[in-house]
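Taking it in order: structure first as structure tokens, then the write-up.
The values are calculated or read from the model by the stated rules, or taken from the named source; none is laboratory data. Here the structure is a predicted model, which is why all the values come from computation and not from measurement. Cβ atoms come from the backbone with ideal geometry, glycine included; neighbour counts cover every protein chain shown. These accessible areas exclude ligands, DNA and RNA; they are computed on the full protein's heavy atoms, side chains included. Shrake-Rupley method; radii C 1.70, N 1.55, O 1.52, S 1.80 Å.
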Amino acid sequence: MGKIKENLLTKGFSGRVGDEMVFRQIDGETFVGKRRRKRELLTPKEQQVKDRFMDSVFYAKSVLGDPAVKEAYELMKKDFKA
């Protein structure tokens, strides 16, 4: 990634230009580099973590959808903060 020094045209600039160049602001300095590519496949460990997180999201949504269970969690939350 290249660092841009004292260029009035790109000072404070951030974002993508086309499909390849990306400008970033890091600690007030402008950097330019290649666009990051997202990996297509997850490692088995990453997939395991992603699946576990999705299970947690599903559980949380089910709790929020049930007023009685939600109220019980709200009471536990108040006790936990004390």
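Note on region 20-53: among residues that are modelled with pLDDT under 85 and open to solvent by 100 Å² or more (accessible area, probe 1.4 Å), the one that is farthest from Lys3 (Cα to Cα) is Glu40.
Given the criterion open to solvent by less than 80 Å² (accessible area, probe 1.4 Å), hydroxyl-bearing (Ser, Thr, Tyr) and out of contact with any Phe, Trp or Tyr (no Cβ under 9 Å at 6 or more places or on another chain), identify the matching residue among Ser14, Ser56.
Of the residues listed, the single one that is open to solvent by less than 80 Å² (accessible area, probe 1.4 Å), hydroxyl-bearing (Ser, Thr, Tyr) and out of contact with any Phe, Trp or Tyr (no Cβ under 9 Å at 6 or more places or on another chain) is Ser56.
The single condition from (1) assigned to a helix (DSSP H, G or I); (2) in contact (Cβ under 8 Å) with a residue 24 or more places away in the chain that Glu74 fails is (2).
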